[in-house]
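**Student:** Questions regarding the structure given below will be posed in turn.
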Amino acid sequence: MPEKYHIETRPIPPRRPRVGKYGIVDWREDCCRCHNCVKKACIYDRHREETNYIRNLTDVDALFFDCMGCFSCVQDCAKGLLSLSLNPVYENLGNAYWTPEIIRTTWLQAETAKIPVSGAGYKGRFSGPGFDAMWTDMSEIVRPTRDGIHGREYISTSVDIGRKPAFLHFEQGELARPIPALVDLPMPLLIDMMPDQYRLSRLEPAMIKTARKTDLIALVDYRSLPKLARSQLRHVAFYLDQGVKMPDADMLRQTRLVEIADGPDVAERIDAVKQIHPEIVAVVRVALTSDGVERAVKLAEGEVEAIHVVADLQGNEVGAERPRFIKDMIRKIHRDLIENSRRDEVTLIAGGGIALAEHTAKAVICGADLVSINLPLLIGLECHLCRRCEPGGSCPAKLEQVELDYCVGRMTNLIAAWHGQLIEVMGAMGMREIRRLRGDVGRAMFFEDLEEQTFGKLFTSGS
Amino acid sequence: MANCLHLDPSELETLLPENTLKTRVPQYECDRQVRPAPSRFRNEISKYILLRNENCIHCGKCMTVCQHKVHVTYSGYKLFPKGRYHQCIGPSCAKTDHYCVDLCPQRALQIAENPMIKCLGDFRWPADMILATWIMAQTGEVPSADYGYDYECGDSGGGFDRLRFQFPDNPPADIEGEVDTTLELNRRDDGRPRITIDVPWYGGGMSFGSVSNTTQLAKARAAVAWNTFTCTGEGGYMERLRPYDDHVITQVATGLFGVREETIQRVPIVEFKYAQGAKPGLGGHLLGDKNTVSVARMREAVLGISLFSPFPFHSVYSIEDHMKHIDWIKHVNRRALISTKVSTPTDVDMVAVGSYYAGTHIVHIDGGYGGTGAAPDIAKKNIAMPIEYAIPKVHGFLEAEGVRDAVTLIASGGIRNPYDVAKAIALGADGVVIGTAELVALGCVRCSRCESGRGCPRSIATTDPELAPKMDLEWAQQRIINLYHAWRQELIRILRRLGLRSVGELRGRTDLLMHLDFPPDKTEDIQ
Ligand code: SF4
Ligand code: SF4
Ligand code: SF4
């Protein structure tokens, strides 16, 4: 049994005041100054914290909103002077896809490295667009599961990037062709570059260091390469955009993976890279525009060994009026690859719209080998996704001032929490290996199917 | 007092092992009388508030006209204190002849929606549903239509929330006499006792540890009053529950916390918990903080460590193993019925049929969206299918196997109100198990903090020595008794409107339902 994948974590508290969902409005007027004021009874001690916060306030751009919404003080105040309110800052976090709930849970995971746990059942919608239109399966009576979660058995989340040949060629008892290089990652996650509108120079070193700590790989644009220690190169993959010259040979040889932008000369560029470093695995980055799906399938017919398909930040087809969602595009590519008997010849990495740990599992079920993420790591640093990141802007997370240790700690915590959650869903499914989950749609239930099989069957008249 | 066991005491003697009889304590008795049980909080949350401006001359007119006793005053006080706004029926009062806003000679009053209401509730339990449940727990009746509470459905946009009953325009000739809401739990004809409960639901397993003593006892007493059941959950059998033995289902869960032969022999129903909807495939999990001195003693565990009950049963890897388990319990307790609780994977229908053949009396399917205890968010949202899909699936498969009438199908995981009960039954269940609704009746606001730190800030789901005693047992039991009453009354109204005489007649009647996304006549937009 290989050594168990374990990420070292420690709690990293937020630098900025917490942005909670609720705040307390206090109509102090008419207060009768009870000596046993209900504010003292808040079991989370929020009123005292708020007072302290205001007393020590240095800048006034953030208010204290961290009440847990239990209504106890509100309902017990002798004069009924307290009232809860929704925090407008909370409600305006993110956007329609990156919802306030996603942002808040990401913050908590980046702080604690823990799997979010809560009581009182599920509070959300029945289903929804995108990844919310699928459920993962569980297995009632059979195997590993909790044992795996608590360490007595091993649930493997590792994946390989590269070609897995269907058979080996031998000539006179000797391997006729070398076995293609594979990059082995302990988790189906690639750390992608930050999108342009959020590209903050100080984040790259943190992402690379996080990759090293978590034994993953971070993609780094070769054009804007930060200073790198040699020891870090194992956890870096250069991204070569179109027209970017070949990287420094010495550095390239220290890396395991390289990503090349799709383009007319992509085959030559892969060759050029392999000339320098034959054991490197080359990934082609394909934007999921209207012909992205076809392009990915087409590339797999050639010599390409790994494809990174990237939707927009919301997981949608890029630039389409009625965009397809990443999960459906992955399913299409995966099916087409199987039909063309190319599925194991190529590794499929999917990015764009992967916002929660569950999306990783679901993308894999839909047919990706692994996913790439960027925004969740940024959100982990208390980002609000408000896009006020320009230098001198009014970034509420003050990302211009972050320290490396904080960033690495928070990003690492988030990845650890995702890993824990991946193990939870796999445990429930009775799965020991994430490699076997790829494309196994039998491990999922899709909203459209269940609706049709259940209510469609029952309520469609005349059928 | 009605007894769900159709046994006379002498029969009990022949069935119960001697040691059980010797240790048997007198059983608690309790009637199902509705009594007012107003909120235990000073300021009940209200949907509307009254604004009174400075023109008020304190003439007291509003107090005399209002029939809902919204306005209050205290002798010796000149000004009006905050009223009982939660009893105000809001703008719909304008239609009546006692609308204080119109009758105030100074026009000093104004009704507004309480801005705080936005902070209450969620997609599955919107504020209206919580407030309506509180009214039911307070009064024993569903809120009158005047309140305008939309509590029949939540806002989740799927499942029960998209299903509606198709009530006939002219309900078939008024059904006279009692509508039968009882449910028979043993359909196997295997010589074991028949057990009939008076309402088609019973209380779900909430272990001591996850909820307080008071909560657990209140549930048990309501079960006695309504001649139904409550379940111990997997935290062991509290001594304090023994006066309720005849209305307790004891759980044998994977952790086997506190399970002893003696506890199994006490009860009429034993439930095997394979999985639970909120965390399917993940087993139970009691966070270390909640493993207090008393919990640790009950579970025979070390204080303060997190308690996991493993998943699955490590002695059960097949239906045959499950059967062995059932045989073991049947042997230990010769009168017990067996319930098998599973969650809802794709093959839930196979699991159900397998359980039937293994000898279970009750198949209990627990969908993913319910649950009360702590569970990973990722599991609650994503793992296993919602109960609305699972019920027809299992019901249909049991029918196809020809065994539907030999087993009782119980559904849980998101049953929030009497309409959900009726919908679940119309989809094919015989009855349901409820959990969250009882907690809401006790004042739960669904803040989801039950798991953390000292537990529930509202004294419901906590064993914290300071927090837990804040809730009074008599009050709590009355709230649940009232809730059950309101639910049953409403269920009867639903059945009458559908022209049915019993809950049993409703089972599987999907023809009485419609789904808003599959309108019966597609040319007609019924939304
Ligand atoms: S509502 Fe609850 S958490 Fe919020 S301040 Fe009041 S007592 Fe504390
Ligand atoms: S009726 Fe009008 S003026 Fe008279 S007490 Fe009521 S609010 Fe005041
Ligand atoms: S902690 Fe909140 S959600 Fe849990 S039982 Fe108490 S009030 Fe309800």
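The values are calculated or read from the model by the stated rules, or taken from the named source; none is laboratory data. Please read these numbers as outputs of a predicted model, since none were measured by experiment. Note: ideal-geometry Cβ built from the backbone for every residue, glycine included; neighbour counts use all protein chains shown. The accessibility values were calculated without ligands, DNA or RNA, using every heavy atom of the protein model including side chains. Shrake-Rupley method; radii C 1.70, N 1.55, O 1.52, S 1.80 Å.
**Student:** Checking the conditions here, which among A:L348, A:L378 is more than 16 Å from A:I103 (Cβ to Cβ) and either surrounded by fewer than 24 Cβ atoms within 10 Å (Cβ to Cβ) or touching a helix residue (DSSP H, G or I) at 6+ places or on another chain (Cβ under 8 Å) (or both)?
**Tutor:** Numbers: A:L378 fails: more than 16 Å from A:I103 (Cβ to Cβ).
A:L348 is the lone residue from the list that is more than 16 Å from A:I103 (Cβ to Cβ) and either surrounded by fewer than 24 Cβ atoms within 10 Å (Cβ to Cβ) or touching a helix residue (DSSP H, G or I) at 6+ places or on another chain (Cβ under 8 Å) (or both).
To keep it simple, each residue is scored yes or no on (1) at pLDDT 95 or above; (2) under 30 Å from A:L385 (Cα atoms); (3) over 17 Å from the mean Cα position of the chain (by Cα); (4) β-branched (V, I, T).
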residue: A:E101; (1), (2), (3), (4): yes, yes, no, no
residue: A:S118; (1), (2), (3), (4): no, yes, yes, no
residue: A:D137; (1), (2), (3), (4): no, no, yes, no
residue: A:I155; (1), (2), (3), (4): no, no, yes, yes
residue: A:V159; (1), (2), (3), (4): yes, no, no, yes
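**Student:** With the requirement that a residue be outside any loop (DSSP other than H, G, I, E, B) and either within 19 Å of B:S92 (Cα to Cα) or among the aromatic types (F, W, Y) (or both), what does the range B:58-76 give you? Break it down into steps so the answer makes sense when it comes.
**Tutor:** The first filter runs over the range B:58-76 and keeps only residues outside any loop (DSSP other than H, G, I, E, B), leaving B:61-65.
Matches in the range B:58-76: B:C62, B:M63, B:T64, B:V65.
**Student:** Return the residues of the range B:206-220 that are buried (at least 24 other Cβ atoms within 10 Å of the Cβ) and either modelled with pLDDT of 95 or more or not in a loop (DSSP other than H, G, I, E, B) (or both); say none if nothing qualifies. Don't jump to the end; show me each part of the working.
**Tutor:** Residues of the range B:206-220 that are buried (at least 24 other Cβ atoms within 10 Å of the Cβ), as a first pass: B:206-212, B:215-216, B:218-220.
B:F208, B:V211, B:T215, B:Q216, B:A218, B:K219, B:A220, listed by residue number.
**Student:** Which one is farthest from the other protein chains (Cβ to nearest Cβ) among residues in the range B:61-111 that are of a type in the set (A, V, I, L, M, F, W, C), closer than 21 Å to A:C77 by Cα and open to solvent by 20 Å² or more (accessible area, probe 1.4 Å)?
**Tutor:** Taking the range B:61-111 and keeping what is of a type in the set (A, V, I, L, M, F, W, C), we get B:62-63, B:65-66, B:70, B:72, B:79-80, B:88-89, B:93-94, B:100-101, B:103-104, B:108-109, B:111.
The next check asks that each one be closer than 21 Å to A:C77 by Cα; those that pass are B:70, B:72, B:79-80, B:88.
Within this subset, residues satisfying the condition of being open to solvent by 20 Å² or more (accessible area, probe 1.4 Å) are B:79-80.
Working: B:L79: 9, B:F80: 12 Å.
Here the residue is B:F80.
**Student:** Kindly list the number of the only condition in (1) in contact with an Asp or Glu (Cβ under 7 Å, 6 or more places away or on another chain); (2) under 16 Å from A:L190 (Cα atoms); (3) open to solvent by 10 Å² or more (accessible area, probe 1.4 Å) that fails for A:R443.
**Tutor:** (2)
**Student:** For the range B:329-380, which positions are away from chain A (no Cβ under 13 Å) and under 21 Å from B:V432 (Cα atoms)?
**Tutor:** B:A336, B:L337, B:I338, B:S339, B:Y356, B:G359, B:T360, B:H361, B:I362
**Student:** Could you check how many residues of the range B:381-403 are in contact with a Phe, Trp or Tyr (Cβ under 9 Å, 6 or more places away or on another chain), open to solvent by 10 Å² or more (accessible area, probe 1.4 Å) and in a helix (DSSP H, G or I)?
**Tutor:** Matching residues across the range B:381-403 total 2.
**Student:** Suppose the filter is over 16 Å from B:S39 (Cβ atoms) and among the charged types (D, E, K, R); does B:R162 pass it?
**Tutor:** yes
**Student:** If A:R199 satisfies all but one of (1) modelled with pLDDT of 80 or more; (2) surrounded by fewer than 18 Cβ atoms within 10 Å (Cβ to Cβ), what's the number of the condition it fails?
**Tutor:** (1)
**Student:** Could you tell me which numbered condition A:L190 fails, if it satisfies all but one of (1) farther than 26 Å from A:Q275 by Cβ; (2) under 19 Å from the mean Cα position of the chain (by Cα)?
**Tutor:** So A:L190 meets the others, but not (1).
**Student:** Select the helices (runs of 4 or more DSSP H) contained entirely in the range B:416-527, then report the ones holding at least 2 residues which are more than 17 Å from the chain's Cα centre (by Cα), more than 10 Å from every other protein chain (Cβ to nearest Cβ) and among the basic types (K, R).
**Tutor:** On the way: elements: B:418-427, B:436-441, B:473-498, B:503-506.
Qualifying helices (runs of 4 or more DSSP H): B:473-498.
**Student:** Report, by residue number, each residue of the range B:44-60 that is within 11 Å of ligand 2 (Cβ to nearest atom), small (G, A, S) and within 13 Å of chain A (Cβ to nearest Cβ). Please lay out each step first, then the result.
**Tutor:** First pass over the range B:44-60, keeping only residues within 11 Å of ligand 2 (Cβ to nearest atom): B:50-60.
After this cut, where a residue has to be small (G, A, S) as well, the list is B:60.
Listed by number, the list is empty, since nothing qualifies.
**Student:** Mind counting the residues in the range A:37-62 that are within 14 Å of ligand 1 (Cβ to nearest atom) and part of a loop (DSSP other than H, G, I, E, B)?
**Tutor:** 5
**Student:** Ok, one more. Condition first: in contact (Cβ under 8 Å) with a residue 60 or more places away in the chain and within 16 Å of ligand 1 (Cβ to nearest atom). Can you find one or more residues in the range B:90-112 that meet it? It would help to see each step written out before you state the result.
**Tutor:** Step one: filter the range B:90-112 for residues in contact (Cβ under 8 Å) with a residue 60 or more places away in the chain, giving B:110-112.
Narrowing the set further to residues that are within 16 Å of ligand 1 (Cβ to nearest atom) leaves none.
Within the range B:90-112, none of the residues are in contact (Cβ under 8 Å) with a residue 60 or more places away in the chain and within 16 Å of ligand 1 (Cβ to nearest atom).
**Student:** Inspect all residues belonging to the range A:394-410 and state whether any of them is more than 24 Å from A:I12 (Cβ to Cβ) and in a loop (DSSP other than H, G, I, E, B).
**Tutor:** Just the residues of the range A:394-410 that are more than 24 Å from A:I12 (Cβ to Cβ), to begin with: none.
Looking for residues that are more than 24 Å from A:I12 (Cβ to Cβ) and in a loop (DSSP other than H, G, I, E, B), one finds none in the range A:394-410, hence no.
**Student:** If you don't mind, there's one more thing I want to ask. Pick out the one residue from A:R104, A:R48, A:R125, A:R55 that is in contact (Cβ under 8 Å) with a residue 60 or more places away in the chain, more than 16 Å from ligand 2 (Cβ to nearest atom), surrounded by fewer than 20 Cβ atoms within 10 Å (Cβ to Cβ) and not assigned by TED's automatic domain parsing to the domain that holds A:L377. Quick ask: steps written out before the conclusion?
**Tutor:** Working: A:R48 fails: in contact (Cβ under 8 Å) with a residue 60 or more places away in the chain; A:R125 fails: in contact (Cβ under 8 Å) with a residue 60 or more places away in the chain; A:R55 fails: in contact (Cβ under 8 Å) with a residue 60 or more places away in the chain.
From the options A:R104, A:R48, A:R125, A:R55, the qualifying one is A:R104.
**Student:** Restricting the first residue to the range B:193-219 and requiring it to be without any contact (Cβ under 8 Å) to a residue 40 or more places away in the chain, which pairs with a second residue that is of a type outside the set (V, I, T) and in a strand (DSSP E or B) meet a Cβ separation below 6 Å and a spacing of at least six or different chains?
**Tutor:** From residues that are without any contact (Cβ under 8 Å) to a residue 40 or more places away in the chain, the pairs are B:Q216/B:F208.
**Student:** One residue is enough: does the range A:314-328 have a residue meeting the conditions open to solvent by less than 30 Å² (accessible area, probe 1.4 Å), in a helix (DSSP H, G or I) and either away from chain B (no Cβ under 14 Å) or not small (G, A, S) (or both)? Working first, answer last.
**Tutor:** In the first step, residues of the range A:314-328 are kept if they are open to solvent by less than 30 Å² (accessible area, probe 1.4 Å); the result is A:315, A:317, A:325-327.
Still in the running and in a helix (DSSP H, G or I): A:326-327.
This time we only want the ones that are either away from chain B (no Cβ under 14 Å) or not small (G, A, S) (or both), so: A:326-327.
The answer is yes, given that some residue of the range A:314-328 is open to solvent by less than 30 Å² (accessible area, probe 1.4 Å), in a helix (DSSP H, G or I) and either away from chain B (no Cβ under 14 Å) or not small (G, A, S) (or both).
**Student:** Let me ask something else about it. Output the residue which, of all residues in the range A:68-107 that are among the polar types (S, T, N, Q) and under 23 Å from B:V440 (Cα atoms), is farthest from the other protein chains (Cβ to nearest Cβ).
**Tutor:** As a first pass, look at the range A:68-107 and keep what is among the polar types (S, T, N, Q): A:72, A:75, A:83, A:85, A:87, A:92, A:95, A:99, A:105-106.
In the following step, the residues that additionally are under 23 Å from B:V440 (Cα atoms) were identified as A:72, A:75, A:83, A:85.
Numbers: A:S72: 5, A:Q75: 4, A:S83: 5, A:S85: 7 Å.
Ranking the candidates gives A:S85 first.
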